[in-house]
1. Given a Förster radius of 22 Å and the C-beta distance between Glu91 and Val69 as r, what FRET efficiency does 1/(1 + (r/R0)^6) yield to the nearest 0.05?
2. So I have (i) 15.7, 49; (ii) 13.0, 41; (iii) 15.7, 56, and one of them is Rg and Dmax of the Cα atoms in Å calculated from this model. Which one is it?
3. Which of Leu12, Leu68, Leu103 moves most in a GNM of the chain, Cα contacts under 10 Å?
4. Could you give log10 I(q)/I(0) at q = 0.27, 0.34 Å⁻¹ for segment 74-118, computed by the Debye formula over C-alpha point scatterers of equal weight, without solvent?
5. With only Lys, Arg, Asp and Glu charged, each at its Cβ (+1 for the first two, -1 for the last two), find how big the charge dipole of the chain is about the Cα centre; round to the nearest 20 debye.
6. Met20 to Glu116: FRET efficiency via 1/(1 + (r/R0)^6), r the Cβ-Cβ distance, R0 25 Å, to the nearest 0.05?
7. With unit charges on the beta carbon (Lys/Arg positive, Asp/Glu negative), name the residue among Phe106, Ser89, Leu35 whose Cα is farthest towards the positive pole of the charge dipole of the chain.
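Nothing in this text is a laboratory measurement; each read-out follows from the coordinates by a stated rule. Note that the coordinates shown come from a computational prediction; the quantities given were computed from them, not determined experimentally. Note that each Cβ is placed from the backbone with ideal geometry, even for glycine, and that neighbours are counted across all protein chains shown.
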Amino acid sequence: MMTWLAYTPAALWSAVLLFMGGRSDHELPDVGFALDKLVHLAVYGALGALVAFGWLRAGKRPVWFWPLVAALLVGACDEVQQLRVPGRSAEAADFLADAAGVLLAFGGVVGWRSREGRRRSA
């Protein structure tokens, strides 16, 4: 599979995240600090998983570091754009939850697929 095509689902999800993060026309319920961070962890965890699957489908190209940097930049850009969106705020804790979601999901998918591959060859 062409390398860039393998990352298409991750790119589309990134666009959804940035679109939703830049909107001010929808009411966000006050769900409390912990639930808010869990939501960040989950939606960016989905991005991390999509990046991991793309990386594996692309034959582990480029080096694992770059797809992770790209996913983390999506989270950073989302927080920065929220500085300019009325009714939204940028928080370092949100970015930390985004980063944790990306890293945990990427590591989880890659580890799971690695163990799965070893079991098949045994």
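1. Details: r = 21 Å, r/R0 = 0.96.
Efficiency for this residue pair is about 0.55.
2. (iii)
3. Fluctuation is largest for Leu12.
4. With no solvent term, the Cα-only Debye profile gives -0.88, -1.08.
5. Numbers: 12 positive and 10 negative charges, 206 e Å.
For this selection, approximately 980 debye.
6. Working: r = 32 Å, r/R0 = 1.30.
Once the sixth-power term is evaluated, E becomes 0.15.
7. After comparing all options, I get Phe106.
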